[in-house]
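Peer 1: Handing you a structure now.
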C-alpha cells in the first residue's frame, strides 16, 4: 500500500507541476537549441503555451523570430529577420507518433512575414544547418491548415526573380464537405501574380493515401493549370499532375522554373508532369508554339550545380517564321499569324527601319545557368519564300557553351548543313558558324518566272564560315570575320536578262518587249566575299553567260545592313547598240535599289538619248557600236579558287556549254 501511495503521490506531483509550471521558462532554452541547429538566431519573444492534457497535445508560440544566416547579413547588414510570426499553433497525435507517423490535426500560422533570399552564388537562406542545397519541402500530414494574413518576399538573385505578395490558407465551406484553399497574390518581377491551389478536405488525410489537388498559377501573360495528386501527403518531392502551360513567350517561364528556355511566339502545351525527388518528367507533351505544332518528351534534373534538361521534340508542320524568335527576331505578324502584342510592336519597328538582323540582347547569365541536350525534327515546313521541306537540329548546352551540331535544312532540292557554336562564357559571347549548301538549284532560290519558264536555272552551292563577337545576332554580325562563297557551276538564263547584264539595249530590251523565251547558257557564276569586321567585300563577282561576261565588285556592311555593288557587262558578240553603263545595286539589304551609273554614258549622249535612240536613225546608234571583244571567263579556275575558299563544288561541273548565237 505504501508503494501504491508513493506512485499516486508522484503522479499527483507531476500533474501539479504541469499545472503550475510556467512554460515561458523554456523560451530561452528552446531558442538557444534552435539557434544552434539552424545556425542563426531563433527567439520566442511572446508567450509559450502548452496544453498537454490530450491524445493530441497543443503548443502555441507567440512572437517567433528567425534571423538571417551570417552570409546574408554581409550582403544586407540592416536586412530584417528571415521570418517574423505572430503566432504558431500546432497539435500532434500521440498514438500515430508511436508508430512512426506524424499527423498534425491542426497547424495555424498567424501574420507571418517571411523574406526568402537566394544569393548570386546559389546560397539560400531557407537551407539550414549543414545543408548545401535546398531540398523539396516535406511536411507531415496536416488535417487542418491555416495561414492568416501572410506576407512573403522572395528574391532570387541567381535567377533575377523578385516576388512580393500575400499568402493565405484555410478551409472553405462548399460542396463535398468543403475545400482546402491556398492562395498567393502579388507581383512577380513587376507583373501581376496569382496562385490558387485547392484540394479536398484535410480532415481525413493520412500519410498513406494520395491527396488530390488543383492548381491555377498566373504570372503576367503566363498561365499554368494543373490537376493531380501528392503521392504521399505532404511530401512535395513526389507528385504527378496533368499540366497545361500557356503564355506569350516560353522564355518568360524562367521566372517560375529557373530554366533558360528560348524566346518563342505565343504557345500552349499540355502533358503529364511527374516529380520523383530531383527529377521532373514531362510526358506525352503536345501543343502549339506560334503556328507550329510540337510534341515529345522531356525531363529536368535539379539539385545539381546547374539544372539539366533533356528533350526529344518533333513538329508535324513547322511554320518557319516561328524560328526567328529563337534568335531574337519577332515572328511574322500578318493575317493569320500568331504573335503577342509586344512582338507585333517589335515587328513594326523592324519594318520601319528595314532591318534584317535581330538586335535583341542575349541573356548570357541564363545560358550559363543550365545544361541541356535537345533534339528537334520538323517533318514538314511552311516557308512561302523558301523551298524548305524539313528541319533537323541537335542542341547541346554545357557550362555556358551552346552548340547546334548538326543543324540541317532540307530543301526540295539541296541541303543546308553545318554547325553553330555560341560560347557565352566570356563577357562578350563568341559565335562560330560553318554552313554549307549542297545540290541546291538557282530556280528554287530565285523563283522568277518569264512566260511560264524559269528566268534562271541550274545548280548552286555555297558555304559561309564566320566568327563574330557580340551579345546579339546584329552585334556578332557587325564584328564578323571569315568568308562567304556562292557558286553556280553551270545553268541557263533567259537571254534577255543576260543581255541586260551588259546593258545591251538593242538586244535585251527588244527580247523583253517581244516576250522572247530564248535561253542562253550560264557557264559559271561566282560570288566570293572576304568578311572583315562585319564588312563583306568581293574577291570575285563574275557571271559568265553565252552572250555576256559580267564582272562586279562591292560590299555588304552587316553593321549598317547596307549594300553597294557595281556590275559591268561585256558582250561576247558584235552588237549594234551597246550602252557602256554599269549597273548599280545600293541601299538597305531588305530593299536595295537597282540603278545605272550614268557617268559612264555622258560621252555617248546620256542615258535618255541612248535609250531613245531605239527610235532614232541608224547614224545615232554608231557611238554605241562594239565588236564584242569579251572572252569566256576561266570558270574552272574560278571554281577551283572558290573551292579552296570553302565552297563544296567539283571542277568537273564547269564544262563550258555551247553559247547561244
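The values are calculated or read from the model by the stated rules, or taken from the named source; none is laboratory data. Remember, it's a predicted structure, so these values are computed and weren't measured experimentally. Cβ coordinates were reconstructed from backbone atoms using ideal geometry, including for glycine residues, and neighbour counts include every protein chain displayed.
Peer 1: Could you list, in sequence order, the residues of the range 23-40 that are surrounded by fewer than 17 Cβ atoms within 10 Å (Cβ to Cβ) and either without any contact (Cβ under 8 Å) to a residue 24 or more places away in the chain or under 53 Å from the mean Cα position of the chain (by Cα) (or both)?
Peer 2: Within the range 23-40, 25, 26, 28, 29, 30, 32, 33, 35, 36, 37, 38, 39 meet the criteria.
Peer 1: Please find, among 467, 427, the residue that is modelled with pLDDT of 80 or more and in a loop (DSSP other than H, G, I, E, B).
Peer 2: 427
Peer 1: A follow-up question, please. For residue 171, work out the one condition from (1) modelled with pLDDT under 90; (2) surrounded by 15 or more Cβ atoms within 10 Å (Cβ to Cβ); (3) not in a strand (DSSP E or B) it doesn't fulfil.
Peer 2: Going through (1) modelled with pLDDT under 90; (2) surrounded by 15 or more Cβ atoms within 10 Å (Cβ to Cβ); (3) not in a strand (DSSP E or B) one by one, residue 171 breaks only (3).
Peer 1: If only one of 245, 269 is in contact with a helix residue (DSSP H, G or I) (Cβ under 8 Å, 6 or more places away or on another chain) and assigned to a strand (DSSP E or B), which one is it?
Peer 2: Criteria check complete, one pass: 245.
Peer 1: Collect the residues in the range 272-303 that are farther than 22 Å from residue 326 by Cβ, touching a strand residue (DSSP E or B) at 6+ places or on another chain (Cβ under 8 Å) and part of a loop (DSSP other than H, G, I, E, B), keeping them in residue-number order.
Peer 2: Within the range 272-303, 277, 278, 302 qualify.
Peer 1: If I ask for residues that are closer than 23 Å to residue 167 by Cβ and part of a loop (DSSP other than H, G, I, E, B), which ones from the range 49-73 would you list?
Peer 2: The answer is 67, 68, 69.
Peer 1: What number goes with the only condition from (1) under 27 Å from residue 491 (Cβ atoms); (2) touching a helix residue (DSSP H, G or I) at 6+ places or on another chain (Cβ under 7 Å); (3) modelled with pLDDT under 80; (4) buried (at least 18 other Cβ atoms within 10 Å of the Cβ) that residue 544 does not pass?
Peer 2: That leaves (3) as the condition not met.
Let's see how each residue does on (1) part of a strand (DSSP E or B); (2) surrounded by 16 or more Cβ atoms within 10 Å (Cβ to Cβ); (3) within 33 Å of the chain's Cα centre (by Cα):
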| position | (1), (2), (3) |
| --- | --- |
| 152 | yes, yes, yes |
| 182 | yes, yes, yes |
| 185 | yes, no, yes |
| 194 | yes, no, yes |
| 204 | no, no, no |
| 217 | yes, yes, yes |
| 232 | no, yes, no |
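Peer 1: From the list 362, 356, pick out the single residue that is surrounded by fewer than 16 Cβ atoms within 10 Å (Cβ to Cβ), on the phi < 0 side of the Ramachandran plot and in a loop (DSSP other than H, G, I, E, B).
Peer 2: 356
Peer 1: Right, residue 332: in contact with a helix residue (DSSP H, G or I) (Cβ under 6 Å, 6 or more places away or on another chain), within 28 Å of residue 123 (Cα to Cα), outside any strand (DSSP E or B) and at pLDDT below 90 or not?
Peer 2: No.
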